[in-house]
Structure formats: structure tokens, C-alpha cells
1. Per residue of the stretch 25-36, in order, report the coupling 6.51 cos²θ - 1.76 cosθ + 1.60 (Karplus, θ = phi - 60°) as ³J(HN,Hα) in whole Hz, putting x for Gly and Pro.
2. Obtain the nm distance between the two label points defined at N36 and Y70 by a simple spin-label model: each point lies 7 Å from its Cα along the Cα-to-C-beta direction.
3. Modelling each spin label as a point 7 Å along the Cα-to-Cβ direction, I'd like the E129/Y17 distance in nm, to one decimal.
4. When the helix-only estimate is applied to the chain (DSSP H runs of n ≥ 4, each -39,500 (n - 2.57), divided by the residue count), what is the mean residue ellipticity at 222 nm, nearest 500 deg cm²/dmol?
5. Taking DSSP loops as anything outside H, G, I, E and B, show the longest stretch in the chain free of chymotrypsin sites (Phe, Trp or Tyr not before Pro) there with at most 11 other beta carbons within 10 Å.
6. Under the 0.36 nm per residue contour assumption, what length would be gained going from the current alpha-carbon distance of D50 and F106 to full extension?
7. If you wrap a convex hull around the Cα atoms of the stretch 4-151, how much volume per residue is inside, in Å³?
8. Please identify the DSSP H helices in the chain that span no less than 24 Å along the helix axis (Cα) and have a mean Kyte-Doolittle hydropathy of -1.0 or more.
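The values are calculated or read from the model by the stated rules, or taken from the named source; none is laboratory data. A quick note: this is a predicted structure, and the numbers were derived from the prediction, not measured. Every residue, glycine among them, receives a Cβ derived from its backbone with ideal geometry; neighbour counts consider all protein chains shown. Heavy atoms of the whole protein, side chains included, go into the accessibility calculation; ligands, DNA and RNA do not. Shrake-Rupley method; radii C 1.70, N 1.55, O 1.52, S 1.80 Å.
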Amino acid sequence: MLSIDNYWMKYALKQAYLGKKNGEVPIGSLLIKNNNLISSAWNSCINLFDASAHAEILVIRNGGKILKNYRLKNTILYVTHEPCFMCSEAIINARINKVVYGSYSFKKNCFSYYINFLYINNIKHHIKEIKSGILLYECSNLLKNFFRRKRYT
């Protein structure tokens, strides 16, 4: 039986594939509330000429408009790759309750490093639950294959 996190991550992967089709780095994201899709997006930095147009940022912006609130309480953010520092701060400021991501980043400017920094420095943050490695193989292979093709073409 398919878990709810796997179900939504498969949907986020569809967004990532749409991003790939549009020439973007294939990362997809969703915002869910009460098990309903609020917003979905893929990375759009290239097409929007905007370095901040990461999938997570676009989902948060649109989610705020749809919910008519910049605080996205009781929501879950799904993303196919571990969020960067910029997205991590936006997630915290938006008061998203739960973050679920697929593949891991091995950089120090990523979500897990940032959350540990906040915890160690006793800075209050509002994320109640974090799940990682959901559909890890599918999420990581999508990115690996994308960058492998980029290097050799």
C-alpha cells in the first residue's frame, strides 16, 4: 500500500519532470493542507530570470495567495530535493509544520545543516516534523541523470 508521503512525493516528482521539460533543474515541490493540494511548482530560475525562483519559494508564494495568509500553518511542504538555506528560511518564516523531501544534499548550505544550526543555537523554529529520503532512488536519480547529461552534451 502506498503511504501518503509516497503519494505526494510522486506528485512532486511529476512537477520536477515538468521543470526538466522546460529546461530547468528538475526539482518539484508541493504545498498540502488537510491532504489537499494547495500549490505545486518546479524550479523556474532560468525561465523567470530569477535566482530565487526555486520550487519551494514558488509554492510558498502561491500558497500564501491561495490561503490569503503569509503564515502557512498546518501545511506540509513536499520537495524532491533537500531545500537550500534560502528555501529553509522561507519555510520557517512561513510556519510550515512539516517538511518531506526526497534526495539529500551533500552541501553545507542545505536544510538539515540549517535546522541543526537553529537547534544548537536555541533559536525557536516552527517545523514540527521532518521526513527525508522519501522516494530517494527516484528523486536522486532524476537529478544525477540530469547533471550527467548536462556535462556530456
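1. Along the stretch 25-36, the couplings run 4, x, 10, x, 8, 9, 10, 10, 9, 6, 6, 10 Hz.
2. With each label point 7 Å from Cα toward Cβ, the separation is 2.5 nm.
3. Here the answer is 2.7 nm between the modelled labels.
4. So the helix-based figure for the chain works out to -14000 deg cm²/dmol.
5. 50-105
6. Contour length minus Cα-Cα distance gives 17.8 nm.
7. Given the Cα convex hull of the stretch 4-151, per-residue volume reads 103 Å³.
8. Qualifying helices, which must be both long enough and hydrophobic enough, are 4-21.
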